[in-house]
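> Quick one: the structure is below, questions incoming.
Bear in mind these aren't lab numbers, they're just calculated from the coordinates by the rules spelled out. What you see is a predicted model, and the numbers here were worked out from it, not measured in a lab. Don't worry about glycine lacking a Cβ; one is built from the backbone with ideal geometry, like all the others, and counts go over all protein chains shown.
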Amino acid sequence: MQFSDAAQQIVSAGRWLDARGWAPATSGCHKGRLEASDVMTIDYDGRPIDPRRPSAETPLHCVMYRLAPTLGAVVHTHSVLGTIWGLGPDRASTVDLEGYELLKAFPGIATHETRVAVPIFDNTQDMAVLAHSVAERWQRGSCPGYLIRGHGLYTWGTTMEEALRSVETFEFLLSCELEKRRLRP
Ligand SMILES: [Zn+2]
């Protein structure tokens, strides 16, 4: 893929996420108002190819591309659901999504009769530590994404379209899970 096409996809993804309120008030460039010229190039270790400074969370993107070389896009959001999940009193280390038809929107899942254990990592400003936890968890089995407690969602796809579908699926399923817990006696 040409850099200009990839940059345009990132610009469009930023607008799409912003329109849904899933990337508010981030430090750095506003995700709804990105221009192709705001997109920079880095290597697989997160070192910038141009003179600008990449995002502090760059290691969390790079680790996924190293763990799963078929990935074409890693997307991070700061939605309300992605942020609050895991802040409950149980401090859960996963959210188990089970029995939902829409689990089939995740790659490689063909039935609702399955359970996806989505990891929840504790937030830290030390991205090397977090990237290490993600890699360690991945060695024990792949997952369609993960949450960082009080922070947000990371998910991915072989294309940007697939990654954004995954963002949408997570938002829907976490909404379902929240409603389900409210319905419990
Ligand atoms: Zn973040």
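> Inside the range 126-185, can you point out the residues that are farther than 22 Å from Ala110 by Cβ and of a type in the set (Gly, Ala, Ser)?
Passing the criteria: Ala128, Ala131, Ser133, Ala135, Gly150, Gly152, Ser175.
> In the range 50-72, which residues are surrounded by 14 or more Cβ atoms within 10 Å (Cβ to Cβ), within 16 Å of the ligand (Cβ to nearest atom) and not charged (D, E, K, R)?
Selection gives Pro54, Ser55, Thr58, Pro59, Leu60, His61, Cys62, Val63, Met64.
> Something else: Suppose we keep only residues that are among the hydrophobic types (A, V, I, L, M, F, W, C) and either assigned to a strand (DSSP E or B) or touching a Cys at 6+ places or on another chain (Cβ under 7 Å) (or both) within the range 109-150. Which one would you say is nearest to the ligand (Cβ to nearest atom)?
Checking each candidate, the answer is Ile148.
> Now a separate question. Based on what the data block shows, is Ser166 in a helix (DSSP H, G or I) and buried (at least 20 other Cβ atoms within 10 Å of the Cβ)?
Considered against the rule, which asks whether it is in a helix (DSSP H, G or I) and buried (at least 20 other Cβ atoms within 10 Å of the Cβ), Ser166 comes out as yes.
> Of the residues Pro119, Pro48, Pro69, which single one is of a type outside the set (Val, Ile, Thr) and out of contact with any strand residue (DSSP E or B) (no Cβ under 8 Å at 6 or more places or on another chain)?
So the residue among Pro119, Pro48, Pro69 that is of a type outside the set (Val, Ile, Thr) and out of contact with any strand residue (DSSP E or B) (no Cβ under 8 Å at 6 or more places or on another chain) is Pro69.
> Restricting attention to the range 77-87, does a residue exist that is polar (S, T, N, Q), closer than 27 Å to Asp43 by Cβ and either part of a helix (DSSP H, G or I) or out of contact with any Pro (no Cβ under 7 Å at 6 or more places or on another chain) (or both)?
Yes: the range 77-87 contains one or more residues that are polar (S, T, N, Q), closer than 27 Å to Asp43 by Cβ and either part of a helix (DSSP H, G or I) or out of contact with any Pro (no Cβ under 7 Å at 6 or more places or on another chain) (or both).
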